[in-house]
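Student: Input: one structure, supplied below.
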Amino acid sequence: MIAARSADIHDVADDQVTLKISNADARSLLLSKQGLGHKPTGPFNADRLQDLIGQLGYVQLDSINTVERAHHMILHARADGYRHKHLKELHEERGTLFEHWTHDACLIPTEFYPYWRHRFSHAKERLNHPNWQKRLGPDGTKVVRAVKARIKKEGPLMSRDFEDKGQGAWWGWGPSKTALEYLWRAGELAIVRRDGFQKVYDLTDRCIEDCHLEEKPSLTQTIDWKCREALKRLGTATHGEIAAYWASVSNKQAADWVAKNLGRDLIPVEVEGNDRTYRKAVAFASIESELEALGTPSKRLRLLSPFDPVVRDRKRAERLFGFDYRVEIFVPEKKRQYGYYVLPILEGTKFTGRTDVKVHRKEGRVEVKGLWLEKGVKLSAAREDGLHKALQRLTKFTGAETIDLDAALQRAKASPSPDR
(Lines give C-alpha, C1' and ligand atoms only; values in the text may rest on other atoms or scores of the structure.)
Protein backbone atom coordinates (compact mmCIF):
# COMPACT_ATOMS: atom_id res chain seq x y z
CA MET A 1 0.00 0.00 0.00
CA ILE A 2 2.76 2.45 0.92
CA ALA A 3 4.68 1.70 -2.24
CA ALA A 4 1.58 2.42 -4.31
CA ARG A 5 0.92 5.74 -2.55
CA SER A 6 4.49 6.92 -2.30
CA ALA A 7 5.87 5.84 -5.68
CA ASP A 8 9.42 4.66 -4.96
CA ILE A 9 12.48 5.18 -2.81
CA HIS A 10 15.91 5.57 -4.35
CA ASP A 11 19.42 5.99 -3.00
CA VAL A 12 20.86 9.49 -2.84
CA ALA A 13 23.76 8.71 -0.50
CA ASP A 14 25.25 5.71 1.22
CA ASP A 15 23.37 6.38 4.43
CA GLN A 16 20.34 8.27 3.19
CA VAL A 17 17.37 7.65 0.92
CA THR A 18 14.81 10.01 -0.50
CA LEU A 19 11.11 9.28 -0.51
CA LYS A 20 9.30 10.41 -3.66
CA ILE A 21 5.79 11.69 -3.01
CA SER A 22 3.24 11.87 -5.80
CA ASN A 23 1.44 15.09 -6.59
CA ALA A 24 -1.91 13.59 -5.62
CA ASP A 25 -0.57 12.57 -2.21
CA ALA A 26 1.17 15.92 -1.68
CA ARG A 27 -2.07 17.80 -2.34
CA SER A 28 -4.13 15.49 -0.13
CA LEU A 29 -1.58 15.72 2.68
CA LEU A 30 -1.43 19.52 2.68
CA LEU A 31 -5.20 19.91 2.53
CA SER A 32 -5.63 17.40 5.35
CA LYS A 33 -3.08 19.23 7.49
CA GLN A 34 -4.86 22.51 6.75
CA GLY A 35 -8.30 21.28 7.73
CA LEU A 36 -9.69 20.92 4.20
CA GLY A 37 -9.43 17.17 3.77
CA HIS A 38 -12.81 16.16 5.15
CA LYS A 39 -16.41 17.21 4.72
CA PRO A 40 -16.96 19.93 7.34
CA THR A 41 -20.33 18.84 8.64
CA GLY A 42 -21.67 17.83 12.04
CA PRO A 43 -22.05 19.57 15.41
CA PHE A 44 -19.69 22.45 16.09
CA ASN A 45 -18.88 24.59 19.12
CA ALA A 46 -16.13 26.74 20.61
CA ASP A 47 -14.17 23.71 21.83
CA ARG A 48 -14.00 22.30 18.32
CA LEU A 49 -12.99 25.72 17.02
CA GLN A 50 -10.11 25.82 19.50
CA ASP A 51 -8.94 22.47 18.12
CA LEU A 52 -9.28 23.71 14.54
CA ILE A 53 -7.25 26.87 15.13
CA GLY A 54 -4.68 24.79 17.00
CA GLN A 55 -4.46 22.55 13.93
CA LEU A 56 -3.90 25.55 11.65
CA GLY A 57 -1.64 27.34 14.13
CA TYR A 58 -3.35 30.69 13.59
CA VAL A 59 -6.18 32.34 11.68
CA GLN A 60 -5.46 35.56 9.81
CA LEU A 61 -7.51 38.66 10.61
CA ASP A 62 -8.60 41.06 7.90
CA SER A 63 -11.06 43.95 7.89
CA ILE A 64 -12.29 43.69 4.29
CA ASN A 65 -15.97 42.77 4.41
CA THR A 66 -16.87 42.45 0.72
CA VAL A 67 -18.16 38.93 1.37
CA GLU A 68 -17.17 38.22 4.98
CA ARG A 69 -14.05 39.04 6.95
CA ALA A 70 -11.18 36.69 6.14
CA HIS A 71 -10.97 34.99 9.54
CA HIS A 72 -14.64 34.07 9.44
CA MET A 73 -14.44 32.79 5.86
CA ILE A 74 -11.33 30.71 6.60
CA LEU A 75 -13.07 29.00 9.50
CA HIS A 76 -16.44 28.60 7.76
CA ALA A 77 -14.75 26.82 4.82
CA ARG A 78 -13.59 24.19 7.33
CA ALA A 79 -16.72 23.93 9.48
CA ASP A 80 -20.31 24.44 8.33
CA GLY A 81 -21.35 24.89 11.96
CA TYR A 82 -18.88 27.70 12.67
CA ARG A 83 -20.43 30.94 13.89
CA HIS A 84 -18.89 34.30 14.75
CA LYS A 85 -19.82 33.85 18.40
CA HIS A 86 -17.46 30.86 18.69
CA LEU A 87 -14.40 32.99 17.88
CA LYS A 88 -15.62 35.77 20.16
CA GLU A 89 -16.01 33.28 23.02
CA LEU A 90 -12.46 31.94 22.66
CA HIS A 91 -10.73 35.31 22.31
CA GLU A 92 -12.79 37.67 24.43
CA GLU A 93 -14.30 35.40 27.09
CA ARG A 94 -12.02 32.41 27.58
CA GLY A 95 -8.76 34.12 26.56
CA THR A 96 -7.55 30.95 24.84
CA LEU A 97 -6.54 32.93 21.75
CA PHE A 98 -4.28 35.97 21.61
CA GLU A 99 -3.76 38.41 18.76
CA HIS A 100 -0.33 39.05 17.34
CA TRP A 101 1.81 38.81 14.23
CA THR A 102 2.77 35.86 12.11
CA HIS A 103 2.93 36.93 8.46
CA ASP A 104 0.09 39.30 9.37
CA ALA A 105 -2.16 40.03 12.33
CA CYS A 106 -3.65 36.72 13.48
CA LEU A 107 -5.43 35.03 16.34
CA ILE A 108 -3.13 32.38 17.82
CA PRO A 109 -3.67 29.76 20.55
CA THR A 110 -2.61 31.32 23.86
CA GLU A 111 -0.66 28.18 24.74
CA PHE A 112 1.78 29.28 22.02
CA TYR A 113 2.32 32.67 23.70
CA PRO A 114 5.76 31.89 25.25
CA TYR A 115 7.20 31.35 21.77
CA TRP A 116 6.44 34.97 20.86
CA ARG A 117 8.73 36.35 23.58
CA HIS A 118 11.68 36.78 21.24
CA ARG A 119 9.49 38.57 18.75
CA PHE A 120 8.44 40.94 21.54
CA SER A 121 12.09 41.55 22.44
CA HIS A 122 12.94 42.31 18.82
CA ALA A 123 10.09 44.84 18.70
CA LYS A 124 11.36 46.56 21.84
CA GLU A 125 14.73 47.04 20.21
CA ARG A 126 13.07 48.98 17.39
CA LEU A 127 11.74 51.79 19.59
CA ASN A 128 14.63 54.00 18.52
CA HIS A 129 14.02 53.38 14.82
CA PRO A 130 13.48 56.72 12.98
CA ASN A 131 9.99 55.72 11.80
CA TRP A 132 8.81 55.06 15.35
CA GLN A 133 10.53 58.14 16.73
CA LYS A 134 8.99 60.36 14.07
CA ARG A 135 5.49 59.26 15.01
CA LEU A 136 6.09 59.31 18.77
CA GLY A 137 7.50 62.84 18.72
CA PRO A 138 10.42 64.43 20.56
CA ASP A 139 9.71 62.68 23.88
CA GLY A 140 8.67 59.23 22.75
CA THR A 141 9.60 57.48 25.99
CA LYS A 142 7.33 59.80 27.95
CA VAL A 143 4.44 59.17 25.53
CA VAL A 144 4.85 55.40 25.86
CA ARG A 145 4.91 55.60 29.67
CA ALA A 146 1.84 57.85 29.74
CA VAL A 147 -0.20 55.57 27.47
CA LYS A 148 0.63 52.50 29.52
CA ALA A 149 -0.11 54.30 32.79
CA ARG A 150 -3.50 55.44 31.55
CA ILE A 151 -4.51 51.89 30.56
CA LYS A 152 -3.28 50.60 33.90
CA LYS A 153 -5.52 53.11 35.67
CA GLU A 154 -8.59 53.17 33.37
CA GLY A 155 -8.65 49.68 31.92
CA PRO A 156 -8.96 48.66 28.23
CA LEU A 157 -8.75 51.56 25.75
CA MET A 158 -8.78 52.15 21.99
CA SER A 159 -6.77 54.65 19.98
CA ARG A 160 -9.86 56.87 19.66
CA ASP A 161 -9.82 57.27 23.46
CA PHE A 162 -6.72 59.43 23.03
CA GLU A 163 -6.97 62.98 21.71
CA ASP A 164 -3.87 63.26 19.52
CA LYS A 165 -4.39 62.26 15.89
CA GLY A 166 -1.78 61.71 13.24
CA GLN A 167 -1.80 62.51 9.56
CA GLY A 168 -0.25 61.09 6.40
CA ALA A 169 1.61 57.79 6.39
CA TRP A 170 1.15 54.97 8.89
CA TRP A 171 -2.63 55.28 8.54
CA GLY A 172 -2.62 58.61 10.33
CA TRP A 173 -1.10 57.28 13.54
CA GLY A 174 -0.60 59.96 16.17
CA PRO A 175 1.85 59.61 19.08
CA SER A 176 -0.60 57.74 21.33
CA LYS A 177 -1.69 55.29 18.62
CA THR A 178 1.98 54.70 17.83
CA ALA A 179 2.66 54.03 21.50
CA LEU A 180 -0.25 51.60 21.69
CA GLU A 181 1.04 49.68 18.67
CA TYR A 182 4.60 49.67 19.98
CA LEU A 183 3.52 48.38 23.41
CA TRP A 184 1.36 45.69 21.78
CA ARG A 185 4.10 44.52 19.43
CA ALA A 186 6.53 44.52 22.34
CA GLY A 187 4.22 42.30 24.38
CA GLU A 188 3.45 44.83 27.11
CA LEU A 189 -0.13 45.27 25.95
CA ALA A 190 -2.55 42.70 24.56
CA ILE A 191 -5.64 43.09 22.39
CA VAL A 192 -8.63 41.96 24.42
CA ARG A 193 -11.20 42.39 21.65
CA ARG A 194 -12.07 44.25 18.47
CA ASP A 195 -14.80 46.90 18.53
CA GLY A 196 -15.95 47.53 14.97
CA PHE A 197 -12.61 45.98 14.08
CA GLN A 198 -10.75 48.63 16.11
CA LYS A 199 -8.28 47.18 18.57
CA VAL A 200 -9.01 47.40 22.30
CA TYR A 201 -5.79 47.25 24.34
CA ASP A 202 -5.16 46.18 27.93
CA LEU A 203 -2.15 45.24 30.05
CA THR A 204 -0.80 41.83 29.10
CA ASP A 205 -0.68 40.56 32.67
CA ARG A 206 -4.44 41.17 32.92
CA CYS A 207 -5.11 39.14 29.76
CA ILE A 208 -2.63 36.27 29.58
CA GLU A 209 -2.56 33.55 32.26
CA ASP A 210 0.51 33.48 34.52
CA CYS A 211 1.51 30.01 33.34
CA HIS A 212 2.09 31.38 29.82
CA LEU A 213 3.82 34.54 31.07
CA GLU A 214 6.18 32.55 33.29
CA GLU A 215 7.34 30.10 30.61
CA LYS A 216 10.48 31.49 28.97
CA PRO A 217 11.88 29.27 26.19
CA SER A 218 15.33 30.13 24.90
CA LEU A 219 15.91 31.37 21.35
CA THR A 220 17.14 27.90 20.38
CA GLN A 221 14.03 26.29 21.85
CA THR A 222 11.83 28.86 20.09
CA ILE A 223 13.40 28.22 16.69
CA ASP A 224 13.08 24.47 17.19
CA TRP A 225 9.43 24.80 18.21
CA LYS A 226 8.49 27.08 15.32
CA CYS A 227 10.22 24.93 12.73
CA ARG A 228 8.68 21.73 14.06
CA GLU A 229 5.21 23.20 14.37
CA ALA A 230 5.43 24.63 10.85
CA LEU A 231 6.44 21.30 9.34
CA LYS A 232 3.66 19.53 11.26
CA ARG A 233 1.15 21.78 9.52
CA LEU A 234 2.69 21.51 6.06
CA GLY A 235 3.52 17.81 5.88
CA THR A 236 6.43 18.43 3.52
CA ALA A 237 8.34 21.68 3.07
CA THR A 238 11.54 23.39 2.02
CA HIS A 239 13.43 25.33 4.67
CA GLY A 240 12.07 28.54 3.10
CA GLU A 241 8.49 27.34 3.50
CA ILE A 242 9.21 26.38 7.11
CA ALA A 243 10.61 29.86 7.79
CA ALA A 244 7.64 31.56 6.15
CA TYR A 245 4.95 29.73 8.12
CA TRP A 246 5.20 31.86 11.26
CA ALA A 247 7.25 34.60 9.54
CA SER A 248 9.51 34.92 12.58
CA VAL A 249 12.26 32.42 11.77
CA SER A 250 14.89 33.40 9.21
CA ASN A 251 15.71 31.27 6.17
CA LYS A 252 19.15 30.60 7.64
CA GLN A 253 17.72 29.56 11.01
CA ALA A 254 15.31 27.18 9.27
CA ALA A 255 18.05 25.80 7.01
CA ASP A 256 20.30 25.21 10.03
CA TRP A 257 17.44 23.48 11.85
CA VAL A 258 16.83 21.19 8.88
CA ALA A 259 20.51 20.34 8.58
CA LYS A 260 20.73 19.59 12.31
CA ASN A 261 17.71 17.26 12.32
CA LEU A 262 18.14 15.41 9.01
CA GLY A 263 18.90 11.80 9.84
CA ARG A 264 17.29 12.20 13.26
CA ASP A 265 13.55 12.70 12.93
CA LEU A 266 13.62 14.40 9.53
CA ILE A 267 14.09 12.70 6.17
CA PRO A 268 14.65 14.09 2.67
CA VAL A 269 11.75 13.80 0.25
CA GLU A 270 11.04 14.76 -3.32
CA VAL A 271 7.58 16.18 -3.97
CA GLU A 272 5.97 15.94 -7.38
CA GLY A 273 4.52 19.18 -8.66
CA ASN A 274 1.50 19.68 -10.85
CA ASP A 275 3.88 19.85 -13.83
CA ARG A 276 5.23 16.37 -12.97
CA THR A 277 8.66 17.65 -11.94
CA TYR A 278 10.03 16.88 -8.48
CA ARG A 279 11.31 19.32 -5.88
CA LYS A 280 13.49 18.49 -2.89
CA ALA A 281 11.98 19.03 0.54
CA VAL A 282 11.95 17.46 4.00
CA ALA A 283 9.36 15.69 6.14
CA PHE A 284 9.20 13.97 9.49
CA ALA A 285 10.28 10.35 9.48
CA SER A 286 6.65 9.44 10.15
CA ILE A 287 5.62 10.67 6.68
CA GLU A 288 5.02 7.18 5.24
CA SER A 289 2.55 6.28 7.97
CA GLU A 290 0.89 9.69 7.54
CA LEU A 291 0.46 9.05 3.82
CA GLU A 292 -0.85 5.57 4.56
CA ALA A 293 -3.43 7.01 6.99
CA LEU A 294 -4.80 9.58 4.55
CA GLY A 295 -8.46 8.91 3.93
CA THR A 296 -10.32 9.55 0.70
CA PRO A 297 -10.41 13.34 0.27
CA SER A 298 -13.75 15.09 0.35
CA LYS A 299 -15.06 15.98 -3.12
CA ARG A 300 -16.99 18.98 -1.83
CA LEU A 301 -16.77 22.25 -3.75
CA ARG A 302 -15.72 25.08 -1.42
CA LEU A 303 -15.26 28.81 -1.84
CA LEU A 304 -12.11 29.94 -0.05
CA SER A 305 -11.09 33.33 1.25
CA PRO A 306 -8.45 35.16 -0.80
CA PHE A 307 -6.39 35.00 2.41
CA ASP A 308 -6.85 31.28 3.04
CA PRO A 309 -3.59 29.72 4.28
CA VAL A 310 -3.64 27.15 1.46
CA VAL A 311 -3.28 29.89 -1.19
CA ARG A 312 -1.28 32.41 0.87
CA ASP A 313 1.95 30.94 -0.52
CA ARG A 314 1.25 31.70 -4.19
CA LYS A 315 4.27 29.81 -5.49
CA ARG A 316 3.37 26.68 -3.56
CA ALA A 317 -0.24 26.85 -4.77
CA GLU A 318 0.94 27.08 -8.35
CA ARG A 319 3.54 24.34 -7.97
CA LEU A 320 1.30 21.81 -6.19
CA PHE A 321 -2.09 22.63 -7.68
CA GLY A 322 -1.23 24.40 -10.93
CA PHE A 323 -3.31 27.31 -9.62
CA ASP A 324 -1.96 30.76 -10.48
CA TYR A 325 -3.66 33.07 -8.01
CA ARG A 326 -3.11 36.53 -6.64
CA VAL A 327 -5.20 38.95 -4.63
CA GLU A 328 -6.23 41.91 -6.80
CA ILE A 329 -7.72 44.07 -4.07
CA PHE A 330 -4.87 46.56 -4.35
CA VAL A 331 -4.61 46.36 -8.14
CA PRO A 332 -6.19 49.34 -9.98
CA GLU A 333 -9.57 48.28 -11.37
CA LYS A 334 -8.58 48.63 -15.02
CA LYS A 335 -5.55 46.40 -14.49
CA ARG A 336 -7.37 43.57 -12.73
CA GLN A 337 -7.49 40.28 -14.57
CA TYR A 338 -10.49 39.00 -12.65
CA GLY A 339 -11.95 41.23 -9.95
CA TYR A 340 -11.75 42.88 -6.54
CA TYR A 341 -12.63 40.01 -4.20
CA VAL A 342 -12.11 36.78 -6.08
CA LEU A 343 -12.65 33.52 -4.20
CA PRO A 344 -10.63 30.44 -5.19
CA ILE A 345 -12.84 27.43 -5.96
CA LEU A 346 -11.49 24.26 -4.36
CA GLU A 347 -13.14 21.07 -5.55
CA GLY A 348 -11.84 18.03 -3.73
CA THR A 349 -8.06 18.34 -4.04
CA LYS A 350 -8.11 20.53 -7.16
CA PHE A 351 -8.62 24.22 -7.75
CA THR A 352 -11.11 24.31 -10.59
CA GLY A 353 -11.81 28.02 -10.87
CA ARG A 354 -12.43 31.34 -9.17
CA THR A 355 -15.38 33.65 -8.67
CA ASP A 356 -15.78 37.35 -7.95
CA VAL A 357 -18.41 37.68 -5.21
CA LYS A 358 -19.97 40.60 -3.35
CA VAL A 359 -22.56 40.55 -0.56
CA HIS A 360 -25.09 43.41 -0.67
CA ARG A 361 -26.16 43.36 2.95
CA LYS A 362 -28.90 45.98 2.76
CA GLU A 363 -30.51 44.02 -0.06
CA GLY A 364 -29.81 40.61 1.49
CA ARG A 365 -28.27 39.56 -1.82
CA VAL A 366 -25.12 37.68 -2.83
CA GLU A 367 -23.94 38.84 -6.25
CA VAL A 368 -21.66 36.62 -8.32
CA LYS A 369 -19.98 39.22 -10.52
CA GLY A 370 -17.79 36.79 -12.42
CA LEU A 371 -16.96 33.11 -12.73
CA TRP A 372 -13.89 31.63 -14.41
CA LEU A 373 -13.01 27.96 -14.67
CA GLU A 374 -9.46 26.71 -14.99
CA LYS A 375 -8.19 25.55 -18.37
CA GLY A 376 -9.71 22.19 -19.28
CA VAL A 377 -12.43 22.38 -16.60
CA LYS A 378 -16.00 22.16 -17.84
CA LEU A 379 -19.11 23.53 -16.19
CA SER A 380 -20.82 20.16 -15.81
CA ALA A 381 -24.20 19.75 -14.18
CA ALA A 382 -22.55 18.26 -11.08
CA ARG A 383 -20.08 21.16 -10.85
CA GLU A 384 -22.83 23.72 -11.29
CA ASP A 385 -24.81 22.00 -8.54
CA GLY A 386 -21.74 22.05 -6.27
CA LEU A 387 -21.31 25.78 -6.92
CA HIS A 388 -24.96 26.45 -6.09
CA LYS A 389 -24.62 24.56 -2.80
CA ALA A 390 -21.41 26.39 -1.87
CA LEU A 391 -23.09 29.74 -2.56
CA GLN A 392 -26.13 28.70 -0.54
CA ARG A 393 -23.90 27.89 2.44
CA LEU A 394 -22.10 31.21 2.06
CA THR A 395 -25.40 33.08 1.70
CA LYS A 396 -26.75 31.58 4.89
CA PHE A 397 -23.50 32.29 6.75
CA THR A 398 -23.45 35.96 5.74
CA GLY A 399 -27.11 36.45 6.62
CA ALA A 400 -28.15 37.14 3.03
CA GLU A 401 -31.20 35.56 1.42
CA THR A 402 -30.86 35.54 -2.37
CA ILE A 403 -28.14 34.66 -4.89
CA ASP A 404 -27.58 36.51 -8.16
CA LEU A 405 -25.68 33.91 -10.19
CA ASP A 406 -27.36 33.40 -13.57
CA ALA A 407 -25.59 36.15 -15.52
CA ALA A 408 -22.15 34.99 -14.36
CA LEU A 409 -23.01 31.40 -15.29
CA GLN A 410 -24.05 32.41 -18.78
CA ARG A 411 -20.87 34.42 -19.31
CA ALA A 412 -18.75 31.51 -18.03
CA LYS A 413 -20.44 29.15 -20.46
CA ALA A 414 -19.98 31.53 -23.36
CA SER A 415 -16.39 32.66 -22.72
CA PRO A 416 -13.19 30.87 -21.71
CA SER A 417 -11.13 32.06 -18.77
CA PRO A 418 -8.53 34.78 -19.45
CA ASP A 419 -5.10 33.61 -20.50
CA ARG A 420 -2.74 33.18 -17.56
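The values are calculated or read from the model by the stated rules, or taken from the named source; none is laboratory data. All of these numbers come straight from a predicted model, not from anything done at the bench. FYI the Cβ positions are ideal-geometry reconstructions off the backbone, even for glycines, and counts take in every protein chain you see. Just the protein is used for accessible areas: all its heavy atoms, side chains included, with ligands, DNA and RNA removed. Shrake-Rupley method; radii C 1.70, N 1.55, O 1.52, S 1.80 Å.
Student: May I ask you to list the aspartates and glutamates whose Cα is less than 18 Å away from that of Lys334, ignoring any residue fewer than eight positions away on the same chain?
Tutor: Once the sequence-local aspartates and glutamates are set aside, what remains near Lys334 is Asp356, Asp419.
Student: Compute the FRET efficiency between Lys375 and Asp195 as 1/(1 + (r/R0)^6), taking r as their Cβ-Cβ distance and R0 = 41 Å, and round to the nearest 0.05. Write out the running numbers ahead of the final one.
Tutor: On the way: r = 45 Å, r/R0 = 1.10.
So, using R0 = 41 Å, E works out to roughly 0.35.
Student: Hey, can you grab everything whose amide H is under 5 Å from the amide H of Gly353? Only 5+ residues off in sequence or another chain; H modelled, so Pro and N-termini drop out.
Tutor: Long-range HN contacts for Gly353: Ile345, Glu374.
Student: Suppose all protein chains stay in the model; what accessible area per residue would a 1.4 Å probe give for the range 284-362, in Å²? Kindly include the intermediate steps, with their values, before the conclusion.
Tutor: On the way: 3630 Å² over 79 residues.
Using a 1.4 Å probe on heavy atoms only, each residue of the range 284-362 averages 46 Å².
Student: Of the DSSP beta bridges with both residues in the chain, give the percent that are antiparallel, rounding to the nearest 5.
Tutor: Details: 43 of 50 bridges.
About 85 percent, rounded to the nearest 5.
Student: Something else: Too long at a 24 Å Cα-Cα cut-off: which of Lys252/Lys280; Lys85/Lys299; Lys216/Lys315; Lys280/Lys378; Lys232/Lys358; Lys152/Lys226? Each step should come with its number before you reach the end.
Tutor: On the way: Lys252/Lys280 17 Å; Lys85/Lys299 28 Å; Lys216/Lys315 35 Å; Lys280/Lys378 33 Å; Lys232/Lys358 35 Å; Lys152/Lys226 32 Å.
In this structure, Lys85/Lys299; Lys216/Lys315; Lys280/Lys378; Lys232/Lys358; Lys152/Lys226 exceed 24 Å between Cα atoms.
Student: In deg cm²/dmol, rounded to 500, what helix-only [θ] at 222 nm does the chain give when every DSSP H run of at least 4 residues adds -39500 (n - 2.57) and the total is split over its residues?
Tutor: -11500 deg cm²/dmol
Student: With every protein chain present, what is the per residue accessible area of the range 97-155 (1.4 Å probe, Å²)?
Tutor: Values: 3160 Å² over 59 residues.
About 54 Å² of surface per residue is accessible.
Student: Roughly how many Å is it from the Cα centre of the range 246-267 to that of the range 317-349, as a whole number?
Tutor: Cα centroid to Cα centroid, the span is 31 Å.
Student: Still on this structure, please answer the following. Computing the accessible area with a 1.4 Å probe over protein heavy atoms, can you report the carbon and sulfur percentage for the range 196-270?
Tutor: On the way: 1700 of 3380 Å².
Its accessible area is 50 percent carbon and sulfur atoms.
Student: Please give, to one decimal in nm, the separation of the simple spin-label points placed at Arg326 and Cys211, each 7 Å out from Cα toward the Cβ.
Tutor: Spacing of the two 7 Å Cα→Cβ label points: 4.6 nm.
Student: Points 7 angstrom from Cα along the Cβ direction at Lys153 and His129: gap in nanometres?
Tutor: So the two model labels end up 3.1 nm from each other.
Student: If each residue of separation counts as 0.36 nm, what is the full-extension length gain between Arg365 and Asp164 once their alpha-carbon separation is subtracted? Walk me through the numbers on the way to the answer.
Tutor: Numbers: separation 201, 0.36 × 201 = 72.36 nm, distance 4.01 nm.
Using 0.36 nm per residue and subtracting the Cα-Cα distance, I get 68.3 nm.
Student: Return the distance in nm (one decimal) between the two label points of a simple spin-label model at Glu333 and Lys85, each offset 7 Å from Cα along Cα→Cβ.
Tutor: It works out to 3.9 nm between the two label points.
Student: Find the accessible area per residue for the range 186-246; the probe is 1.4 Å, ligands and nucleic acids are left out, and the unit is Å².
Tutor: 41 Å²
Student: For the range 79-159, take N as its residue count and report Rg(C-alpha) divided by 2.2 N^0.38 Å. Don't jump to the answer; show the numbers that get you there.
Tutor: On the way: Rg = 16.4 Å, N = 81, 2.2 N^0.38 = 11.7 Å.
Taking N as the residue count of the range 79-159, the ratio is 1.41.
Student: Considering only protein heavy atoms and a 1.4 Å probe, what is the carbon-and-sulfur percentage of the accessible area of the range 300-420?
Tutor: Working: 2970 of 6200 Å².
Within the range 300-420, the accessible surface is 48 percent carbon and sulfur.
Student: Still on this structure, please answer the following. Return the label of the correct value of Cα extents along the principal axes in Å, as calculated from the structure shown, out of (1) 68, 58, 44; (2) 65, 47, 43; (3) 64, 64, 42.
Tutor: For Cα extents along the principal axes in Å, the calculated option is (3).
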